[in-house]
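The values are calculated or read from the model by the stated rules, or taken from the named source; none is laboratory data. Fair warning: this is a prediction, and the values are worked out from it, not measured in the lab. When we count neighbours, we look across all protein chains shown, and the Cβ atoms used for this are built from the backbone with ideal geometry, even at glycine.
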Amino acid sequence: MSAARNAPPRWAEVLLERLLPDHARETIAGDLREEFIESVLPRRGLLGARIWYLRQVVSFVFWFAKEGTPVGKILLLVSSLSLACGCWLAVMEMLLRHPGYEGRIITALIIIAICAGTLLARMLHAGYICERWLWLGAAGLILIGVLAFYRHAGSSHFDGFVIVIATLLVLQGILMFATMGRTSCGGGGSQGPIAPSL
């Protein structure tokens, strides 16, 4: 077996390194790699060892969700809820196909893309890389939420789920704006709305 095959998947190692704070990156990533090669691989085989490694990486995703400022934690929670609502809305529109469903599916896909992008950028410490897109995303979420409120206020029947989604979208957009540019990176630039404070 080659050395590359005896190692954890490279993409999983990169993901782990991005999830960890600078001060713990080398130690934790190195220890997991060493345990993978010396202990887990001989006992479980290549497939079992890679599954074990992926479980370790996923455990750091949950650890990351507990870290950071209170506003960052709220943004993470609201982004997750908005993502779930966007997915639910897209699925329901595809199943029910009420008049005008195409536009609502496109809106749901935009919500999903912005929320998933916010979550990924936060977890991968990439806010400074995609800050312009996140500014546009925050403005888009607020616009979609306000339009949903406005249209719902003029409708003949009340739908609580629309109000919940609209509130989440406006809240997420405000939180994204409130946290943008708070932390500067090494080059003096901003780390965007999702830079963790570790």
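Does the range 94-116 include one or more residues that are at pLDDT below 90 and crowded, with 19+ Cβ neighbours inside 10 Å? No, the range 94-116 has no match at all.
For the range 36-57, the set of residues classified as surrounded by fewer than 16 Cβ atoms within 10 Å (Cβ to Cβ) and in contact with a Leu (Cβ under 9 Å, 6 or more places away or on another chain) consists of G48 only.
Conditions tested, residue by residue: (1) of a type in the set (K, R); (2) outside the structural domain of M92 (by TED's automatic domain parsing); (3) more than 16 Å from C85 (Cα to Cα).
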{"site": "R132", "(1), (2), (3)": "yes, no, yes"}
{"site": "W135", "(1), (2), (3)": "no, no, yes"}
{"site": "L143", "(1), (2), (3)": "no, no, yes"}
{"site": "A148", "(1), (2), (3)": "no, no, no"}
{"site": "G154", "(1), (2), (3)": "no, no, yes"}
{"site": "V162", "(1), (2), (3)": "no, no, no"}
{"site": "G173", "(1), (2), (3)": "no, no, no"}
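In the range 56-64, is there at least one residue being in contact (Cβ under 8 Å) with a residue 60 or more places away in the chain, closer than 30 Å to I142 by Cα and assigned to a helix (DSSP H, G or I)? Break it down into steps so the answer makes sense when it comes.
Filtering the range 56-64 for residues in contact (Cβ under 8 Å) with a residue 60 or more places away in the chain gives 61, 64.
In the following step, the residues that additionally are closer than 30 Å to I142 by Cα were identified as 61, 64.
Keeping just the survivors that are assigned to a helix (DSSP H, G or I) gives 61, 64.
Looking through the range 56-64, at least one residue is in contact (Cβ under 8 Å) with a residue 60 or more places away in the chain, closer than 30 Å to I142 by Cα and assigned to a helix (DSSP H, G or I).
Quickly run through the range 6-38 and pick out the residues that are more than 25 Å from the chain's Cα centre (by Cα) and of a type in the set (D, E). Answer for the range 6-38, where residues must be more than 25 Å from the chain's Cα centre (by Cα) and of a type in the set (D, E): D31, E34, E35, E38.
Has the range 161-180 got at least one residue that is at pLDDT below 80 and assigned to a loop (DSSP other than H, G, I, E, B)? Within the range 161-180, one or more residues are at pLDDT below 80 and assigned to a loop (DSSP other than H, G, I, E, B). Going by the structure shown, is V78 within 30 Å of I110 (Cα to Cα), in the same structural domain as T118 (by TED's automatic domain parsing) and modelled with pLDDT of 75 or more? So V78 fits the description; yes.
Close contacts from the range 72-94, counting a first residue that is under 18 Å from I163 (Cβ atoms) and a second that is aromatic (F, W, Y), with Cβ to Cβ under 6 Å and a gap of 6+ residues or different chains, come to E93/Y101.
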